[in-house]
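Undergrad: Here it is, the structure in full.
The values are calculated or read from the model by the stated rules, or taken from the named source; none is laboratory data. Just so it is clear, the model here is predicted, and its values are computed rather than measured. Note: ideal-geometry Cβ built from the backbone for every residue, glycine included; neighbour counts use all protein chains shown. For the accessible areas, the whole protein counts, side chains as well, though only heavy atoms, and no ligand, DNA or RNA atoms are used. Shrake-Rupley method; radii C 1.70, N 1.55, O 1.52, S 1.80 Å.
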Amino acid sequence: MMNSCDALLHINRPARYIGGEAGSIHKDIDQVDIRFALAFPDTYEIGMSHLGSAILYQALNSQPWIAAERCYAPWPDMADEMQAQNISLVALESQTPLAEFDLVGFSLQYELCYTNVLTMMKLAGIPLRRDERDASHPLIIVGGPCAYNPEPLADFIDLALIGDGEEAIIELCQALRDSQQAGETPVQRRERFKQIDGIYLPELFEFRYDSEGHISERIALDPDYTSIKRRFVADLDRAAYPDKPLIPFMHTVHDRVALEIARGCTRGCRFCQAGYIYRPVRERNADTIAELIDASLRHSGYDEVSLLSLSSGDYTAIEPLLKHLMNRYAEERVAVSLPSLRVGSLTSELIEEIRKVRKTGFTLAPEAGTDRLRDVINKGIKADDLLETAHTIYTLGWRLIKLYFMMGLPTESREDLDGIVELARQVKRCAKGTEGGGDVNVAVSTFVPKAHTPFQWEAQLSIEQTLDRQRYLRDELSRKKLRLKWHEAQLSYLEGVFARGDRRLGQVLQRVVELGCCFDGWREHLHFDRWQQAFSECGIDSDFYLRQRNDNEILPWDHISCGIDKAFFLAERRNALAEHYTPDCRTGPCSGCGVCDFDQLRMRYASAQPEFPAPPQTVVQGEERFKVRLRLHKTDQARFVSHLEFMTVLQRALRRISAPVRFSQGFHPHPRISFPDALPTGVESITEIVDVELFQEVDSNVFLQQLKAEMPAGFTVADAEMVHWRTPSPGACIVTSDYRVPLDEERMTIVKQQIDPFLAAEHVIVTRQKGKTTLDVDIRSDVEALRIEDNTLIMTLRKGSPVAVAAHLLNLDSHLVRSLRICKIAVALEVPPIVTEETH
């Protein structure tokens, strides 16, 4: 919780801010030397899905002298509460303000998160500009793909980590610790940082600009520090990887075990920044992957695994690995997914394996509408390949294919736009003759040139050009009865400005944050008029950053090396304009990009014929039925966890102890667990009754201790009792529930005057807001009894919300009532006689 829990009662999704999740790491801050806040500049549910942050969290906390904690960008409703109540932004684990950490590290995944970075610093009370901070403030470091051009943020950050972070981040912390222990000055400390490969210090560079706005000179202020080389992890199989995942209370974007099976891609798509900045390809061995998945599932309670890489289908041992995982976890109801698949890597055998996983749609990314333009971008697939794959997908039972394209690619013509429409039409025709038919959804984004790619010199479409092409595609696809989704033109515009921006944009960022911009990547929170105002006030022509660059122009990121020669990018650009295809060096000759040293830094492939250990014996669900009744506490920060989130917490804890939970039958089996009625957010309970159906009898005491050990902060299993499997659910057994409302002297006086009239009334009508609708509700029939006991009000309810009753009796707003820490303290159960075969 922040400095006050009251803020959490006024906002949506308070579970974002409470911490204490299973798998979170809490250290004694007096026993560590370095405190590192991993700050993700987007919502909790997006940040908790980011694998890179999870890897760094594990790597940092594996060192006993480092304490790494997490922080996420508060949603606007929470940010408003924090500002109104003067609450500082804190890390989740210790609730320590970010300003008290040694380092605050931001992961830059998307250019439109830059305003979130500055907003989080403001909420933390950290001066935005580097020259406004002193030794009392934390160092600000950024990493991630956008850090390959950190110049728009150069005035705000102390360091940028370029490349793989698992090893470099530890070296950085070690250098800082050594410097602190030696009592060094900031200048002396900087000398240590300079020695670490992959660390960029923007204060050691200055830029000059000519009259037309181009960079005329880049000045290295230290002659020994003129360029920054990307950091590499040479062997992914030996790299740190979390096998005890953090388990969020709420559902996140990727709510599953995520396993990085490979890093890097050699396909050479000329628009794709990730394909260049993550080279060379380094694959984890399949047996290592299997071991990590087994441990991660065991420690998490997840029921889905996602195999991650830039192109999972290219992984050397993908088919044997997928078959092993399908067979290994079939009885445990664990799904396996491959989110990144390329048409050229999709064999019929691979598609057949993927079919076994529940899927609503299959996504293919042709990127361009014609073979010609796909040669320009080096996509390496032909229309015939795509159509053959589409037919196979429909034949195997999928009903929907999602096609992803880009518009505005170099050399694009109207013919290429028409090609998008025609290709989508042909894909839809592939479903003809298949059982159930099929449909196609088309999504088109605007091409944004990125740094460190062959297209880093190309022009980007203006907003007007983007809107014109979107209208054309929408109309043409509509004629073919096809649906189009597109990316907002203004979002793509701003992304393009900052993707290839320079330091002059820093003043724009600072001004637009002053104007209230935040979460600009979210359509509902983009205020483009404020951006236009900021550009104008700062004297910046934003269109300047979307123009085509000259081959010999100094680019803002030229002093940052991703490991690939600039000459290679220029050669690839010429190949693009000549429509020449560059073969994949996985299967063809070396493309000569220069990233490999062919010794330590080289392609590392997994064995194509891996050997896996025999799967353990699993107990299959039989006909025997048992039931265990649990009594749980839901207190402290857990009172901000919603009912659906509470259900997920318990289900995952049961999976972690391998409880023999009975599942329902049918196509979508679900665990047979019965919960009581939902508690209102903010209300505590020491008597939540939950029934769990089992297919195997358990020792209730052992079961209790195992489950108690797996519950996150705020949740406690107080009792476990075996009951007859025919025992009705808690909802059917609970007759009344007692709620305790703490009262001060003034409120006690008010309640005493209200009790008798309330109980004497036949009806008590209150208004309740449900969405945008106001409803009249009779709460009298909900109440069985009211009494005063030891300076508290005890409300015995048959049903309904204790908040509504207490609010009426106290004449308070429901938000204020929730802050009183209402607690359910007892339930009255009425279990009818159990009819069994023996009683007949």
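Undergrad: Hey, does region 489-508 have a residue that's without any contact (Cβ under 8 Å) to a residue 60 or more places away in the chain and of a type in the set (Asp, Glu)?
TA: no
Undergrad: Follow-up. Residues that are modelled with pLDDT of 95 or more, at least 2 per element: which helices (runs of 4 or more DSSP H) completely within region 271-331 meet that?
TA: Helices (runs of 4 or more DSSP H) meeting the threshold: 274-277, 286-300.
Undergrad: Then there's this: Of all residues in region 717-748, count the ones that are small (Gly, Ala, Ser), over 24 Å from Val803 (Cα atoms) and either modelled with pLDDT under 95 or touching a Phe, Trp or Tyr at 6+ places or on another chain (Cβ under 8 Å) (or both).
TA: Summing the residues that are small (Gly, Ala, Ser), over 24 Å from Val803 (Cα atoms) and either modelled with pLDDT under 95 or touching a Phe, Trp or Tyr at 6+ places or on another chain (Cβ under 8 Å) (or both) in region 717-748 gives 2.
Undergrad: Report yes if some residue within region 783-795 is buried (at least 16 other Cβ atoms within 10 Å of the Cβ) and outside any strand (DSSP E or B); otherwise report no.
TA: No.
Undergrad: Out of region 805-835, which residues are under 35 Å from the mean Cα position of the chain (by Cα) and open to solvent by less than 50 Å² (accessible area, probe 1.4 Å)?
TA: Of everything in region 805-835, those that are under 35 Å from the mean Cα position of the chain (by Cα) and open to solvent by less than 50 Å² (accessible area, probe 1.4 Å) turn out to be Ser814, Val817, Ser819, Leu820, Ile822, Cys823, Lys824.
Undergrad: Also, quick follow-up: Which condition from (1) open to solvent by 20 Å² or more (accessible area, probe 1.4 Å); (2) farther than 25 Å from Glu524 by Cα is the one that Glu464 breaks?
TA: Against the list (1) open to solvent by 20 Å² or more (accessible area, probe 1.4 Å); (2) farther than 25 Å from Glu524 by Cα, Glu464 comes up short only on (2).
Undergrad: Now for a different question. Among the residues in region 646-663, are any of a type in the set (Phe, Trp, Tyr), open to solvent by less than 50 Å² (accessible area, probe 1.4 Å), assigned to a helix (DSSP H, G or I) and closer than 23 Å to Cys823 by Cα?
TA: Checked against the condition, which is being of a type in the set (Phe, Trp, Tyr), open to solvent by less than 50 Å² (accessible area, probe 1.4 Å), assigned to a helix (DSSP H, G or I) and closer than 23 Å to Cys823 by Cα, region 646-663 yields at least one hit.
Undergrad: Additional query: Within region 319-337, how many residues are open to solvent by 10 Å² or more (accessible area, probe 1.4 Å) and more than 18 Å from Thr648 (Cβ to Cβ)?
TA: Residues meeting the conditions: 10.
Undergrad: Going by the structure shown, is Arg549 in a loop (DSSP other than H, G, I, E, B), open to solvent by less than 50 Å² (accessible area, probe 1.4 Å) and modelled with pLDDT of 95 or more?
TA: When the stated conditions are applied, Arg549 passes them.
Undergrad: Taking region 664-680 as the region of interest, how many residues are assigned to a loop (DSSP other than H, G, I, E, B) and either buried (at least 18 other Cβ atoms within 10 Å of the Cβ) or in contact with a strand residue (DSSP E or B) (Cβ under 6 Å, 6 or more places away or on another chain) (or both)?
TA: 5
Undergrad: Follow-up. Out of the residues in region 574-613 meeting the condition of being in contact (Cβ under 8 Å) with a residue 40 or more places away in the chain and of a type in the set (Lys, Arg), tell me which one is farthest from Trp457 (Cα to Cα).
TA: Arg604
Undergrad: Out of Gly437, Gly397, Gly433, report the one residue that is on the phi > 0 side of the Ramachandran plot, out of contact with any Phe, Trp or Tyr (no Cβ under 6 Å at 6 or more places or on another chain) and open to solvent by 60 Å² or more (accessible area, probe 1.4 Å).
TA: None of the others qualify; the one that does is Gly433.
Undergrad: Of (1) closer than 30 Å to Glu579 by Cα; (2) in contact with a Ser or Thr (Cβ under 8 Å, 6 or more places away or on another chain); (3) open to solvent by 20 Å² or more (accessible area, probe 1.4 Å), His214 satisfies all except one. Which?
TA: Evaluating His214 over (1) closer than 30 Å to Glu579 by Cα; (2) in contact with a Ser or Thr (Cβ under 8 Å, 6 or more places away or on another chain); (3) open to solvent by 20 Å² or more (accessible area, probe 1.4 Å) leaves (2) as the failure.
Undergrad: Would you mind telling me which numbered condition in (1) under 14 Å from the mean Cα position of the chain (by Cα); (2) open to solvent by less than 40 Å² (accessible area, probe 1.4 Å) Met120 fails?
TA: Of the numbered conditions (1) under 14 Å from the mean Cα position of the chain (by Cα); (2) open to solvent by less than 40 Å² (accessible area, probe 1.4 Å), the odd one out for Met120 is (1).
Undergrad: Sticking with this one: Can you tell me which residues in region 511-546 are more than 20 Å from Leu128 (Cα to Cα) and either in a loop (DSSP other than H, G, I, E, B) or more than 31 Å from the chain's Cα centre (by Cα) (or both)?
TA: Gly521, Trp522, Leu526, His527, Gln533, Ser536, Gly539, Ile540, Asp541, Asp543, Phe544
Undergrad: Would you mind telling me which numbered condition in (1) among the hydroxyl-bearing types (Ser, Thr, Tyr); (2) farther than 16 Å from Ser445 by Cα; (3) surrounded by fewer than 16 Cβ atoms within 10 Å (Cβ to Cβ) Tyr404 fails?
TA: In the conditions (1) among the hydroxyl-bearing types (Ser, Thr, Tyr); (2) farther than 16 Å from Ser445 by Cα; (3) surrounded by fewer than 16 Cβ atoms within 10 Å (Cβ to Cβ), Tyr404 misses (2) alone.
Undergrad: I've got another one for you. Within the bounds of region 151-158, is there any residue that is modelled with pLDDT of 95 or more, open to solvent by 30 Å² or more (accessible area, probe 1.4 Å) and on the phi < 0 side of the Ramachandran plot?
TA: Yes - at least one qualifying residue is present in region 151-158.
Undergrad: Another one. Which members of region 514-526 meet the condition of being in contact with a Lys or Arg (Cβ under 8 Å, 6 or more places away or on another chain), open to solvent by 10 Å² or more (accessible area, probe 1.4 Å) and of a type in the set (A, V, I, L, M, F, W, C)?
TA: Within region 514-526, Leu515 is the sole residue that qualifies.
Undergrad: Now for a different question. Step by step: first the residues of region 407-426, then only those that are touching a residue at least 60 places away in the same chain (Cβ under 8 Å) and over 16 Å from Arg474 (Cβ atoms), then the one that is surrounded by the fewest Cβ atoms within 10 Å (Cβ to Cβ). Which residue is that?
TA: Thr411
Undergrad: Out of the residues in region 453-493 meeting the condition of being among the polar types (S, T, N, Q) and outside any loop (DSSP other than H, G, I, E, B), tell me which one is nearest to Val440 (Cα to Cα).
TA: The qualifying residue nearest to Val440 (Cα to Cα) is Ser478.
Undergrad: I would also like to ask the following. For Gln637, all conditions in the list (1) out of contact with any Gly (no Cβ under 7 Å at 6 or more places or on another chain); (2) at pLDDT below 95; (3) farther than 30 Å from Asn378 by Cβ; (4) surrounded by 15 or more Cβ atoms within 10 Å (Cβ to Cβ) hold save one; what is the number of the exception?
TA: (1)
Undergrad: Hey, Gln706 hits all of (1) crowded, with 17+ Cβ neighbours inside 10 Å; (2) under 30 Å from Gly800 (Cβ atoms); (3) of a type in the set (S, T, N, Q) but one; which does it fall short on?
TA: The one condition Gln706 does not meet is (2).
Undergrad: For region 569-619, enumerate the residues that are touching an Asp or Glu at 6+ places or on another chain (Cβ under 7 Å), under 25 Å from Ala451 (Cβ atoms) and of a type in the set (Gly, Ala, Ser).
TA: Answer for region 569-619, where residues must be touching an Asp or Glu at 6+ places or on another chain (Cβ under 7 Å), under 25 Å from Ala451 (Cβ atoms) and of a type in the set (Gly, Ala, Ser): just Gly594.
Undergrad: Got a number for residues in region 123-139 being part of a helix (DSSP H, G or I) and surrounded by fewer than 13 Cβ atoms within 10 Å (Cβ to Cβ)?
TA: Result for region 123-139: 2.
Undergrad: Go through Leu128, Leu172, Leu161 for me and flag whichever is touching a residue at least 24 places away in the same chain (Cβ under 8 Å) and within 24 Å of Ile87 (Cβ to Cβ).
TA: The unique qualifying residue is Leu128.
Undergrad: I want to confirm something. Restricting to region 52-98 and keeping residues that are in contact with a Gly (Cβ under 8 Å, 6 or more places away or on another chain), of a type in the set (S, T, N, Q) and within 30 Å of Tyr241 (Cβ to Cβ), which single residue is least open to solvent (accessible area, probe 1.4 Å)?
TA: Step by step, filter region 52-98, then rank; the result is Ser53.
Undergrad: For residues that are surrounded by 18 or more Cβ atoms within 10 Å (Cβ to Cβ) and closer than 17 Å to Ile157 by Cα, tally how many sit in region 170-188.
TA: 3
Undergrad: Mind telling me which of the residues Gly183, Gly198 ends up being small (Gly, Ala, Ser), at pLDDT 95 or above and in contact with a helix residue (DSSP H, G or I) (Cβ under 7 Å, 6 or more places away or on another chain)?
TA: Just one listed residue meets the conditions, Gly198.
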